[in-house]
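Here's the structure we're looking at; comments come further down.
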Amino acid sequence: MLLVDIKDQVALVTLNRPDAMNALSRALRAELHATLQRLDGDPAVKVIVLTGAGERAFTAGLDLKELGSDPDGLRAANATEPSENPAWAVIACRKPVIGAINGVAITGGFEVALACDVLIASTNARFADTHARVGITPGWGLSQKLSRLIGPYRAKELSLSGNFLDARTAEAWGLVNRVVAPEDLVPTALKLAADMATIDVDMLVTYKGMIDDGYETTLRQGLELEQSRSTAHNRQVTPEAVEARRAGIQARGRTQ
């Protein structure tokens with residue numbers, strides 16, 4: 001149900017249930033959590049790319065067929081354990097996770113996409129929040145995170161209508177970083193991951209944590225958080241280390 005390919009310190013993780021639009025069954029949710037935990041602790045991996053198999057769907061969210069046969073199935077919609085809640089499984093990963101959105105990201109699938117650190121979308125990508133149409137409320141973060149990303153007016157338009165948002169509009173609204181052709185999606189995500197992988201993993205984890213933790217606070221609290229963590233980190237950086245990296249930065253600037 002999950003494919004993992006590790007190359008040059010980048011892990012490509014693929015939700016592999018294309019016949020079911022990569023729906024998040026209980027087994028797939030547990031496998032995703034276990035895999036992300038393993039990759040988070042793997043020194044051979046610095047960055048993770050998360051995508052779905054095929055071109056129809058990133059993931060359609062919870063497996064409604066499974067829910068229909070399980071009287072306790074809806075508990076997953078409000079689960080807090082990362083083994084049941086895939087959005088939390090992604091958020092709990094300390095390393096950068098790039099979402100490569102290859103098709104529809106619907107409801108719970110939308111929430112998993114929002115849990116990623118960067119979103120690259122193919123022109124086939126579409127986003128929809130159908131919670132209200134199904135008659136349930138979101139429990140994996142969508143009602144709070146979407147409004148913070150695109151503003152409350154646009155978030156209400158999507159969530160209270162259940163309408164689809166196409167990739168180009170998602171880009172214009174700031175929901176995704178960029179939109180590329182379907183055949184360029186994974187290569188583009190892997191190229192960005194490779195760029196990130198040239199950074200020390202401790203730096204990736206530290207900087208990602210500063211951004212995420214600061215975003216949850218006020219600006220003043222975020223500035224104080226940055227000052228505190230930056231002081232502790234930079235105290236350990238030597239002039240020799242900075243000089244050693246300077247030549248690499250200059251060389252990179254000449255090739256970009």
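The values are calculated or read from the model by the stated rules, or taken from the named source; none is laboratory data. Owing to the predicted nature of the structure, the values given are computational and were not obtained by experimental measurement. Please note: Cβ atoms are built from the backbone with ideal geometry, for glycine as well, and neighbour counts cover all protein chains shown. The area values use the complete protein model at the heavy-atom level, side chains included, leaving out ligands, DNA and RNA. Shrake-Rupley method; radii C 1.70, N 1.55, O 1.52, S 1.80 Å.
Can you pull out the residues in region 162-178 that are touching a residue at least 12 places away in the same chain (Cβ under 8 Å) and out of contact with any strand residue (DSSP E or B) (no Cβ under 8 Å at 6 or more places or on another chain)?
First, the residues of region 162-178 that are touching a residue at least 12 places away in the same chain (Cβ under 8 Å): 162-168, 170-171, 173-178.
Across region 162-178, the qualifying residue is only Gly174.
Residues being outside any loop (DSSP other than H, G, I, E, B), out of contact with any Leu (no Cβ under 8 Å at 6 or more places or on another chain) and among the aliphatic types (A, V, I, L, M): count how many of those fall in region 79-133. Write out each step before concluding.
Residues of region 79-133 that are outside any loop (DSSP other than H, G, I, E, B), as a first pass: 86-91, 97-101, 104-106, 108-115, 118-122, 126-128, 131-133.
Then drop every residue that is not out of contact with any Leu (no Cβ under 8 Å at 6 or more places or on another chain), which leaves 88, 91, 104-106, 115, 133.
Of the ones still in play, those that are also among the aliphatic types (A, V, I, L, M) are 91, 104-106, 115.
The qualifying residues number 5.
Among the listed residues Glu216, Glu240, which satisfies the condition of being closer than 28 Å to Val13 by Cα, modelled with pLDDT under 95, open to solvent by 70 Å² or more (accessible area, probe 1.4 Å) and out of contact with any strand residue (DSSP E or B) (no Cβ under 9 Å at 6 or more places or on another chain)? Show your work before the answer.
Values: Glu240 fails: closer than 28 Å to Val13 by Cα.
Just one listed residue meets the conditions, Glu216.
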Inset, instruction - With the checklist (1) open to solvent by 10 Å² or more (accessible area, probe 1.4 Å); (2) closer than 20 Å to Val49 by Cα in hand, flag the one item Leu160 doesn't pass. - result: (2)
Legend entry - Scan of region 219-237 for residues that are open to solvent by less than 50 Å² (accessible area, probe 1.4 Å), more than 26 Å from Val176 (Cα to Cα) and touching a helix residue (DSSP H, G or I) at 6+ places or on another chain (Cβ under 7 Å), ordered by number: Leu225
Inset, instruction - Go through region 88-103 and give me each residue that's surrounded by fewer than 24 Cβ atoms within 10 Å (Cβ to Cβ) and either out of contact with any helix residue (DSSP H, G or I) (no Cβ under 9 Å at 6 or more places or on another chain) or over 16 Å from Val47 (Cα atoms) (or both). - result: Trp88
Inset, instruction - Name every residue in region 175-191 that is in contact with a helix residue (DSSP H, G or I) (Cβ under 9 Å, 6 or more places away or on another chain) and open to solvent by 50 Å² or more (accessible area, probe 1.4 Å), in order of residue number. - result: Asn177, Arg178
Inset, instruction - Considering each of Thr206, Thr198 in turn, give the residue that is surrounded by 14 or more Cβ atoms within 10 Å (Cβ to Cβ) and among the β-branched types (Val, Ile, Thr). - result: Thr206
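Grab the strands (runs of 3 or more DSSP E) fully contained in region 1-72, keeping just those with 1 or more residues being open to solvent by 60 Å² or more (accessible area, probe 1.4 Å) and touching a residue at least 40 places away in the same chain (Cβ under 8 Å).
On the way: elements: 2-7, 10-15, 47-52, 57-59.
Qualifying strands (runs of 3 or more DSSP E): 2-7.
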